[in-house]
There are 2 protein chains.
Amino acid sequence: MATIKDVARKAGVSTATVSAVMNDTAFVSPELRARVVTAIRELRYEPSLAARNLRRSRSQLIALAVADLSNPFYARIVWSAEAAVAAWGYSLVLFNSDEKPDTERRILSRIRTLGCDGMVLVPVGAANQYQPHEFEGMATVLLGRAIEGNSADTVTIDNREAGRQAVDYLLDLGHRRIGSITGPMQLSTSKGRLDGMIDAMAARGLAPQPGHIRSGEFREEAAYSVARDMMGSPDRPTAIYVANGVMAIGVMRAVADLGLRCPQDISIASTDTVAGAGGLKPRLTRTEHPIADMTNEALRLLVDRIEERVSEPVRSIVFQPALIVGESCMPLRGNAG
Amino acid sequence: MATIKDVARKAGVSTATVSAVMNDTAFVSPELRARVVTAIRELRYEPSLAARNLRRSRSQLIALAVADLSNPFYARIVWSAEAAVAAWGYSLVLFNSDEKPDTERRILSRIRTLGCDGMVLVPVGAANQYQPHEFEGMATVLLGRAIEGNSADTVTIDNREAGRQAVDYLLDLGHRRIGSITGPMQLSTSKGRLDGMIDAMAARGLAPQPGHIRSGEFREEAAYSVARDMMGSPDRPTAIYVANGVMAIGVMRAVADLGLRCPQDISIASTDTVAGAGGLKPRLTRTEHPIADMTNEALRLLVDRIEERVSEPVRSIVFQPALIVGESCMPLRGNAG
DNA sequence: AGACTTCAGCGAAACGATTAGCTATCAGGG
DNA sequence: CCCTGATAGCTAATCGTTTCGCTGAAGTCT
């Protein structure tokens, strides 16, 4: 690799002039500029970010740490984030914490060492696992999941509203015995969605049966076994609200394996499913999240911080879910119940 | 941020000693080592990668540039790659060329500037768009798609075999009018799969009708419109081999929109579909690729190169596809014929 | 005891860029 | 003709590490 010195020598100028040409940071006479430009081209000179960053203490790197790369929801976030990061002139360093707080801790330290200019984090731990000032000294935006009492910018969805919308819809169809399969209760998303469900039922003087509320990992397999268990019992619910997209797939598989039909025997509604998820049949009734918008917003906030265009202490942006009606729910009278 | 100098001052030693302790690169007496270690802890010292990399001319970064992040196939690669890269002690910088050669060119230059130690590339251009020595000076592995006459290590699938397997299966079911919707012909994957199809038919003295072979972008929308067009004509094929997973989804949608049923009215087989793609119904008959293995192998080759454990000029590894029978194909007599 | 090894630890020179501050040139005014 | 002011371009310091080569104390051998 050619260095700035090689270019300077070849063009017969000082490195300062080459730098000025590269960064357009001072006036350089047309003649010299031309010499420099040709030298750059002929030597195929590309500045070393390592050196530039050392000097400027900037890395042009933005880290994204998601909770589970195998989940299409996060794959979608990665897609949007890559585009947004590139558009802002940075590059994306990707990490997968795989829903493991230990892995996340290692990732956070790695991000620091790499000297990333900022990071977007989908936190996987309970609020109390983070130090109060965990994110100080590094521009940070929390995406999707909130950490209570934390000092970082946050972009989330209104999870409570999502749960409310989905369960309201099931209630409108006449369902009363409604179950829920939700994620780990220490996560703001799981808790919010369940609260929304309880809200919706309470508004009609109802409450879910304790045995019909089950939480587990945000994974297809976990949902599958929980669903098999719940649906195998005689007083099984007539409708289920599943708190996330991949879990919904597990639930549908469990339902099919039990010889039940969806929606005839059981209605299923879910949240955060990726749009048009691979032609799933029947198409899920679900609340969708504006993933791309949320991700773009997260990066806007982050770049604002990095480039110090902003001083407010903490900004928190909440998006609204939208109910998308598919074919996975039926009015109750179609059921045995 | 504390620097190595601060640590050295605090511990009353030279920076060289601190460095030796950090990297375990020279013997340091237990006493001094202890002083250094406590100083490091008390100052919360973390070495700056920018400086270290400048000195070592290493970045600990591995770039991955995929062709289309919206395609679950590549999302799967990203997932595997992140894990493998982390396991080797590097971090992953992700890029999406979005099947655009221009974007890819910018990405390659960015990767150089970032000083990544190596890169895994899913190339999007025709072979002649690359200079013969395009990848010299940077450890490179091409993944999924080959570039003829190129000098980089390559990990691919036997595309010809994939096409052969899928179409053989359709032929075994009695189909004779078989069509194909495939990707851009300048890509080794598209060409190989189509060649395999032609092989399979030739082996039985058959050849596809010209109008039944159509190529287009590797995207759902492109496949949708091509499929609508092809299936709308009176001499439509009785079976279609679709050259990639997302295209298969588009084709199934087109088939449904035309009021046709799969597999009763038309059999569909595809290649490179992601396993268990979101519960698609009917489940596709397809050739699957060992994506995780391929990605791991690509990174093994890459790290070999980076750490200079290898000297052979070019290594090329070809994986074999496996036919997975789903429910999207039926014997011909079930059809109009 | 003198000569020779050994080796813990230090000092200082890189790495490749940016940038503050300086020099030298030139035009124009008195 | 000299002085001033403007400014194009240079010199050299700097960023935070690693690492080469050196020093000097201690140990070993004859």
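Just so it is clear, none of the values below were taken in a lab; they were calculated from the coordinates. The shown structure was predicted, so the numbers you read here are calculated from the model rather than taken from an experiment. Don't worry about glycine lacking a Cβ; one is built from the backbone with ideal geometry, like all the others, and counts go over all protein chains shown.
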Across the identical copies, how the A:Thr113 labels are spaced - nm, sorted shortest first, 7 Å along Cα→Cβ: 2.7
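If R₀ is 30 angstrom, what is the calculated FRET efficiency for the pair A:Ala34 and B:Gln129, using the beta carbon separation as r and rounding to 0.05? Intermediate values should be presented prior to the final figure.
Numbers: r = 29 Å, r/R0 = 0.98.
Working from the Cβ atoms, E equals 0.55.
So if I place +1 on the C-beta of Lys and Arg and -1 on the C-beta of Asp and Glu, and nothing else carries charge, what would the dipole magnitude of chain A be about its Cα centre? I want it in debye, nearest 20.
About 680 debye.
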Lysines whose Cα lies under 24 Å from that of B:Lys281, excluding same-chain neighbours fewer than 8 positions away: A:Lys281
Label geometry 7 Å along the beta-carbon vector: B:Arg41 inter-copy distances in nm: 5.9
Across the identical copies, how the A:Ile324 labels are spaced - nm, sorted shortest first, 7 Å along Cα→Cβ: 2.3
More than 14 angstrom apart: percent of Cα pairs within the stretch A:107-167: 60 percent
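With the contact rule set at Cα under 8 Å and sequence spacing of 6 or more, what percent relative contact order holds for the stretch A:10-161? Kindly include the intermediate steps, with their values, before the conclusion.
On the way: 187 pairs, mean separation 26.4, N = 152.
It comes to 17 percent, rounded to a whole number.
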Reduced Cα scattering model of chain B, Debye log10 I(q)/I(0), q = 0.06, 0.08, 0.15 Å⁻¹: -0.30, -0.48, -1.14
Computed over the protein assembly as shown, the ratio Rg/Rh where both radii use C-alpha atoms and Rh is Kirkwood: 1.01
Within a Gaussian network of chain A (alpha carbon springs, distance under 10 Å), most fluctuating of A:Leu170, A:Leu92, A:Leu54: A:Leu54
Diffusion coefficient, µm² s⁻¹, Stokes-Einstein with Kirkwood Rh over alpha-carbon pairs of the stretch B:251-328 at 10 °C and 1.306 mPa s: 105 µm²/s
Share of alpha-carbon pairs per 5 Å distance bin for the stretch B:149-197, given as whole %: 5, 20, 23, 22, 14, 7, 4, 3, 1
Lysines whose Cα lies under 19 Å from that of A:Lys191, excluding same-chain neighbours fewer than 8 positions away: A:Lys100
Test item: Cα-centred dipole of the protein assembly as shown, Lys/Arg +1 and Asp/Glu -1 on Cβ, debye: 700 debye
Euclidean distance between Cα centres, the stretch A:225-257 to the stretch A:152-206, Å: 16 Å
Helix A:291-306 axis, angle to chain A major axis (alpha carbon atoms, nearest 10°): 40 degrees
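To the nearest 0.05, how large is the calculated FRET efficiency for B:Asp235 and B:Arg283 if R₀ is 30 Å and r is the Cβ-Cβ distance? Walk me through the intermediate numbers first.
On the way: r = 28 Å, r/R0 = 0.94.
For R0 = 30 Å, the calculated efficiency reads 0.60.
Using the 10 angstrom Cβ neighbour count as an exposure proxy, how do A:Ser270, B:Ser190, B:Ser328, B:Ser48 rank, fewest first?
On the way: A:Ser270 30, B:Ser190 22, B:Ser328 26, B:Ser48 19.
With the fewest neighbours first, A:Ser270, B:Ser190, B:Ser328, B:Ser48 line up as B:Ser48, B:Ser190, B:Ser328, A:Ser270.
Rounded to two decimal places and with Rh computed the Kirkwood way over Cα pairs, what is Rg over Rh for the stretch B:30-184?
On the way: Rg = 21.8 Å, Rh = 18.7 Å.
My calculation of the ratio gives 1.16.
Sum -39500 (n - 2.57) across every DSSP H segment of at least 4 residues in chain A, then divide by the residue count to get the 222 nm mean residue ellipticity, nearest 500. Please list the in-between numbers first.
Numbers: 11 runs with 140 residues, N = 337.
One gets -13000 deg cm²/dmol as the mean residue ellipticity at 222 nm.
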Amide hydrogen neighbours beyond the local backbone of B:Thr154, cut-off 5 Å, H modeled: B:Leu142, B:Arg315, B:Ser316, B:Ile317
Using alpha-carbon coordinates, inclination of helix B:159-172 to the longest axis of chain B, degrees: 30 degrees
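Considering Cα pairs under 8 angstrom that are at least six residues apart, work out the relative contact order of the stretch A:206-337 and quote it in whole percent. Working shown, then result.
On the way: 180 pairs, mean separation 32.1, N = 132.
That works out to 24 percent.
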